[in-house]
Amino acid sequence: MSKRTTTIFSVFIAVAIFAGIFSYFYRGIANRYVAEYIQKISFCGSITDEIVCLDKKYCEGIYGPLSNEDPTIVFKSCQRISQATLVALERQQTLCEDTNGAWYKNRFGTSCLCGDPGTPLVFDEVQGCSIK
């Protein structure tokens, strides 16, 4: 092999190694950006399945009575949560989990479960899970 071919091949290998290391360490960031982009372009209003709506952190279900005669509460539609509400919920979730609580989301909303039932722990928006 000539000196020029060896140099070009060495540069190619160095670039490939650098690209591999870069992609290994920054794939988590790239995955987060992709997830955020998908959230931005998704339309909650087009979701008709309650489970799918509840699975998306940026959507919330709208519930109402089945009819005027039947007061049974059913899933009606899905709507997008405002950015300010989403930021507040994420902050509360982080505080809840940092103070050994469990974040819970169901059709009635979100909440922090602090300890077992009967324990004196309650969720406070400033302190997290703390004694009453």
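All of the numbers you see were taken from the coordinates with simple rules; none came from a lab. Not measured: the values here are computed from a predicted model. We place every Cβ from the backbone using ideal geometry, glycine too, and count neighbours over all the protein chains shown.
If I fit a long axis through the Cα atoms of helix 83-98 and take the longest principal axis of the Cα atoms of the chain, what angle between them do I get, 0 to 90°, rounded to 10? Once rounded, the angle reads 90 degrees. Summary of packing: across the peptides 83-93, 2-12, the per-residue average of other C-beta atoms within 10 Å ranks them, highest first, as 83-93, 2-12. Just check the chain against the gyration tensor rule for me: Cα atoms, a ≥ b ≥ c as the square roots of the eigenvalues, rounded for a/c under 1.5, and otherwise prolate or oblate depending on whether a/b exceeds b/c. Oblate, since a/c reaches 1.5 and b/c is not below a/b.
Report, to two decimal places, the Cα Rg of segment 64-132 normalised by 2.2 N^0.38 Å (N = number of residues).
Normalised Cα radius of gyration, segment 64-132: 1.42.
By how many nm would the segment from ALA35 to ARG107 grow when fully extended, if each residue of separation counts as 0.36 nm and the alpha-carbon distance is taken off?
Values: separation 72, 0.36 × 72 = 25.92 nm, distance 2.32 nm.
The ALA35-ARG107 span can extend by a further 23.6 nm.
Enter the angle in degrees (range 0 to 90, nearest 10) between the Cα long axis of helix 3-41 and the first principal axis of the Cα atoms of the chain, meaning the one along which they spread out most. Here the helix axis deviates by roughly 10 degrees.
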